[in-house]
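Taking it in order: structure first as structure tokens, then the write-up.
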Amino acid sequence: MLADLPESSTEADASVVRVLSYNIRSLRDDEAALARIIRACAPDVVCVQEAPRFFRWRKAAARLAHASELVYATGGGTASGPMILTSLRAHVEHAEDVLLPRTPRLHQRGLATAVLRFGRARLGVVSCHLSIDADERHDQGKLVLDRLAALDVPHAVVAGDLNDRPDGRTFGLLAGHLQDGWAVRPWGREHTTRLGDPLQRIDAVFATKGVEVLGCGVPMGLPGVTEADLRAATDHLPVLAALRVPAA
């Protein structure tokens, strides 16, 4: 049994917020298994990558939110894949989707961003899915940091599929400015590639310096998260983090 991860809570001086990052492969796999995993993680915020973005994508996003007992905040087709879902605990102060400069012959990329309030704690959120091209990816990493600064909040998270490993240039760029959740307080499983694939950590949750990381990793062994569902839901494994965010 996986060790307990702190539950969500709101206190006078801080709020504990559970953030889940998950590449859902455009809902091409078992949606029921995906929703069961998300519900078992009990997140306050879900940073989705590869959300549906074409025909009737809003309907698909609403269906996933309902099945996961969450609500849609922003992103999806308007961010070219990244999306943010939240629990009813979150108050959305601001949400904005950003399309990134596109390199010819490569996929359009974007960011889903929001400023959320949990009690007196305010949290900026950026959901991202970076390029498979190393140079474009590094440029996008810089733009993620720029967008994070533009949110103008003291505490924030970046979560997503980086298409880069911890020893890579772009992963290192983000880890040099932000806390890498797994490196700070490892919990659960490290590697985020599909079970049976080569072991890699290419999905991550980062936090600004004032946020306390209480635990971060793949929730294998968490009650309600089964290996069968992880295999059926999508081709990535989710990353779950518990963060203590100081009050404003």
Return the residues of segment 87-117 that are under 19 Å from Leu70 (Cβ atoms), open to solvent by less than 10 Å² (accessible area, probe 1.4 Å) and either assigned to a loop (DSSP other than H, G, I, E, B) or touching a Pro at 6+ places or on another chain (Cβ under 7 Å) (or both); say none if nothing qualifies.
Ala112
Quick one: how many residues across segment 7-30 are open to solvent by 40 Å² or more (accessible area, probe 1.4 Å) and not aliphatic (A, V, I, L, M)?
10
Within segment 31-48, can one find any residue that is loosely packed, with under 15 Cβ neighbours inside 10 Å and not hydrophobic (A, V, I, L, M, F, W, C)?
no
Being open to solvent by 30 Å² or more (accessible area, probe 1.4 Å), basic (Lys, Arg) and in a helix (DSSP H, G or I) narrows it down to one of Arg147, Arg165, so name that one.
Arg147
Sort out which residues of segment 1-34 are charged (D, E, K, R), more than 30 Å from Phe55 (Cα to Cα) and not in a strand (DSSP E or B), and write them in order of number.
Asp4, Glu7, Glu11, Asp13
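The values are calculated or read from the model by the stated rules, or taken from the named source; none is laboratory data. Note that the structure is a prediction, hence the values are computed from the model and not measured. Backbone-built Cβ (ideal geometry, glycine too); neighbour counts: all protein chains shown. Each accessible area value is taken on the protein alone, full model and side chains, heavy atoms only, with ligands, DNA and RNA left out. Shrake-Rupley method; radii C 1.70, N 1.55, O 1.52, S 1.80 Å.
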